[in-house]
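Everything below concerns the one structure shown next.
The values are calculated or read from the model by the stated rules, or taken from the named source; none is laboratory data. Just so we're clear, the structure is a prediction, and the values are computed from it rather than from any experiment. Backbone-built Cβ (ideal geometry, glycine too); neighbour counts: all protein chains shown.
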Ligand SMILES: [Fe+2]
């Protein structure tokens with residue numbers, strides 16, 4: 001194990017952090033983008049004049065090393081870029097990096113978390129439904145997602161059990177919210193119980209990350225997804241903490257963050273007997289009490305931006321989309337019959353993979369009636 005005062009390096013998605021080690025003056029650590037490092041490679045200098053011979057436009061803006069090491073005894077950071085096309089290793093002196101540090105001693109802002117186990121409860125482990133409800137709604141309020149296993153053992157699961165969950169939510173201070181689909185959604189390919197069945201949720205296709213009902217002035221705050229029948233193949237759920245993603249974006253790409261908070265997007269939902277248009281930015285608010293994301297690639301109207309802003313809009317949107325679509329930043333959950341999950345639809349994005357065979361999830365929306373209204 002390295003000594004505490006040894007130099008070391010951490011690789012992140014688009015940059016690395018160098019811990020300089022030692023006890024001298026200057027920053028304890030500093031962050032450098034891969035593009036900046038590659039642009040400042042010591043080898044791109046003329047051997048006679050030492051002038052730079054490469055301009056930044058010649059470098060892939062998404063360049064990423066395969067490895068980096070720091071060595072106090074050699075006063076150096078070594079960055080291995082892999083074959084591009086030559087197997088290049090750049091060397092930077094730690095003193096030079098200290099002198100040119102443009103992000104010294106930055107705080108840690110982690111990307112969205114992915115440990116679903118920390119948000120998963122085993123219903124059988126609770127002595128009473130009241131005890132389960134306390135844990136369940138605590139996680140939902142603080143973390144935006146809860147997964148409950150074995151609410152009813154597989155094999156004994158009936159669609160009527162969803163009504164028992166509705167009662168549990170009602171007793172805990174929530175009211176059920178009906179939508180243009182109906183009171184309870186039957187997410188299955190042979191849906192006959194809902195209105196407006198012309199939506200991806202009632203097919204077996206992949207549905208990528210989105211929030212529900214972003215075209216409403218006030219989208220329902222919470223959704224419950226209760227698994228009656230798991231698909232024999234596929235149909236896994238993914239949920240992403242968009243509040244954590246927004247904080248990460250604020251820290252790493254202020255321009256993209258400003259754009260997503262300022263640019264109005266047309267959310268346009270048009271179905272057999274329903275149509276609604278709402279114009280709103282994607283992001284608003286900054287903490288658990290006021291944060292809200294509206295995000296749905298399948299209900300967005302064609303973008304209308306000034307010609308000289310369209311490319312910057314795409315850049316900002318795609319930066320955020322790439323962040324949340326990275327599986328390393330997602331809670332990945334496979335619900336079995338009798339399991340359910342619930343999430344905060346103002347904070348979390350959700351998705352499901354394509355599936356084959358019969359699958360039946362029942363979906364219910366809720367708003368806080370009493371218990372959570374005071375806390376947001
Ligand atoms: Fe959805």
**Request:** Go through the range 201-215 and give me each residue that's near the ligand (Cβ under 9 Å from one of its atoms), closer than 15 Å to residue 238 by Cβ and more than 12 Å from the chain's Cα centre (by Cα).
**Result:** 201, 207, 212
**Request:** For the range 326-336, state whether one or more residues are within 16 Å of the ligand (Cβ to nearest atom), at pLDDT 95 or above, surrounded by 14 or more Cβ atoms within 10 Å (Cβ to Cβ) and part of a loop (DSSP other than H, G, I, E, B).
**Result:** yes
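Do we have residue 264 as farther than 20 Å from residue 300 by Cα, out of contact with any helix residue (DSSP H, G or I) (no Cβ under 9 Å at 6 or more places or on another chain) and away from the ligand (no atom under 13 Å from the Cβ) here? Quick ask: steps written out before the conclusion?
Numbers: farther than 20 Å from residue 300 by Cα: no; out of contact with any helix residue (DSSP H, G or I) (no Cβ under 9 Å at 6 or more places or on another chain): yes; away from the ligand (no atom under 13 Å from the Cβ): yes.
No, not satisfied.
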**Item:** Unmet requirement for residue 372, which otherwise passes all of (1) surrounded by 15 or more Cβ atoms within 10 Å (Cβ to Cβ); (2) away from the ligand (no atom under 15 Å from the Cβ); (3) modelled with pLDDT of 95 or more
**Value:** (3)
**Fill in**
Among strands (runs of 3 or more DSSP E) entirely inside the range 170-249, those with 1 or more residues being over 16 Å from residue 349 (Cα atoms) are 174-177, 185-187, 222-229
**Asked** Within the range 275-298, which residues are over 15 Å from residue 212 (Cα atoms) and surrounded by 13 or more Cβ atoms within 10 Å (Cβ to Cβ)?
**Response** 281, 284, 285, 286, 288, 291
**Prompt:** What do you reckon, is residue 318 more than 16 Å from the ligand (Cβ to nearest atom), exposed (fewer than 15 other Cβ atoms within 10 Å of the Cβ), more than 16 Å from the chain's Cα centre (by Cα) and not in a loop (DSSP other than H, G, I, E, B)?
**Reply:** no
